[in-house]
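> Starting off with a structure, shown below.
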Amino acid sequence: MKLSAQPLEQRLRFAGILIILGLLIEAICVLWTRPIAFLVFVGFVGALFAAGILYYLYSLVSADTGSSN
Amino acid sequence: MALSDTLLLLLIGVSAVLIGVLVFRPDVTRTRRGKILAFCVLFLLPLVCAGMGTSYQIERSKRTEFCLSCHEMEPYGKSLRVDDPTYLAAAHFQNHRVPAEIACYTCHTNYAMFGGFRAKMHGLKHVYVHYLRTPPAPEAIRLYDPYNNRECLHCHEGARSFEEGAVHNADPNLLPAAKSNRMSCLSSGCHQVVHNVAELQKVKLWKVAQ
C-alpha cells in the first residue's frame, strides 16, 4: 500500500503544480486589460486546468488499479 | 479595482494556497479528510475558478473600453463624442439610449439565437487579425452583414417615440417595411450617418461633463 501511495502523491503534486500555473496565468489575465488576455485565458488557463484535473483523475484511477492488482 | 476583480483574485489566491498545501505536503492525502481536501482543491475549485474566470472575461469583453483598446477602434470611440445629433452612434451613446459602458456590444451584437456567441466568434477573429494580420484602416472596416433592423427594434419597437413619430408615420408603408427589415433604418436616407469616421476631423466633439 505504501509503495503505491508514493507515486500517487507525486502525481497529485504534479497535478497541483499544473493547476497553480493555470491560476497564476488566470490572475495575470484578470489584471491585464488587453484583448489578448482573453485568448491567453482561453488557451493557456483552459489547457492547464484541463491537464491538471485530468491528471488528478487519472492518478486516482491508476492508484485504484494498482491496489486492486 | 472593481469588486468582481477583487473577488476573483481572492478566490484564485485561496485556491492557490490550498493547492500549495497539497503540493508541499502531499502526505495529507493519506487520511480520509486529506482525500476530500484533494478532491475539492484539485477538482472542484479549478472548475469554479475556470467558470468564474470565463464569465469574468466574457463580461469584460463587452465593455466599451475593451473594444476601444485596439487602436483601429479609436476613431469609432471618438465618433461617440461627436457633437451632432444626426450622428446615430453619438446620439445613442451621449443620451444613454444604450448603456454607455457596453455601448459597442449593445448595438453590434445580434439579438437572434446564439447572437452573443456569434459576437464572441467575430471578436476572436478581430483579435487574430489585430495581432497576426494587417488590420484594415478604420474607415475601411465594414460590417460582416448589412445592419439588421432587428437590432434597432430590440429596443425601439413598441416605444411611443418610434411608433407614433411623425416622420415614421408620414408614409403608412414605412413602419411595416422597417419592421420586416425590407427597408433599412440606416441606409434609407433617415439614419444613414452612424460613425462616419472618415470625416471626424471636420466635426466638433462634445466635451463630456465631468
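> A:Glu26: buried (at least 17 other Cβ atoms within 10 Å of the Cβ) and modelled with pLDDT under 95, yes or no?
Against the criterion (buried (at least 17 other Cβ atoms within 10 Å of the Cβ) and modelled with pLDDT under 95), A:Glu26 does not qualify.
> How many of the residues in region A:7-21 are closer than 16 Å to A:Phe49 by Cβ and within 7 Å of chain B (Cβ to nearest Cβ)?
Residues in region A:7-21 being closer than 16 Å to A:Phe49 by Cβ and within 7 Å of chain B (Cβ to nearest Cβ): 6 in total.
> Still on this structure: Select from region B:104-118 the residues that are open to solvent by less than 40 Å² (accessible area, probe 1.4 Å) and at pLDDT 85 or above and list them in ascending order.
Hits for region B:104-118 are B:Cys104, B:Thr106, B:Thr109.
> For region A:30-56, which positions are at the interface with chain B (Cβ under 7 Å from one of its Cβ atoms), of a type in the set (A, V, I, L, M, F, W, C) and either within 14 Å of the chain's Cα centre (by Cα) or open to solvent by less than 40 Å² (accessible area, probe 1.4 Å) (or both)?
Result: A:Val30, A:Phe38, A:Phe41, A:Val45, A:Phe49, A:Ile53.
> If we only count helices (runs of 4 or more DSSP H) wholly inside region B:21-118, which ones have 2 or more residues that are facing another protein chain (nearest Cβ under 9 Å)?
Here the list reads B:32-39, B:45-60, B:64-67.
> Go through region B:51-92 residue by residue and tally those that are open to solvent by 40 Å² or more (accessible area, probe 1.4 Å) and farther than 23 Å from A:Val45 by Cα.
11
> Turning to a different aspect of this structure: Please find, among A:Ser68, A:Ser59, the residue that is at pLDDT below 95 and open to solvent by less than 80 Å² (accessible area, probe 1.4 Å).
One residue alone meets the criteria, A:Ser59.
> Can you tell me which residue within region B:3-20, out of those that are at the interface with chain A (Cβ under 7 Å from one of its Cβ atoms) and within 17 Å of A:Ile53 (Cα to Cα), is surrounded by the most Cβ atoms within 10 Å (Cβ to Cβ)?
Taking the candidates together, the pick is B:Ile19.
The values are calculated or read from the model by the stated rules, or taken from the named source; none is laboratory data. Being a predicted model, the structure only gives us computed values, none of them experimental. FYI the Cβ positions are ideal-geometry reconstructions off the backbone, even for glycines, and counts take in every protein chain you see. Side chains are part of the model used for accessible areas, which takes the heavy atoms of the whole protein and leaves out ligands, DNA and RNA. Shrake-Rupley method; radii C 1.70, N 1.55, O 1.52, S 1.80 Å.
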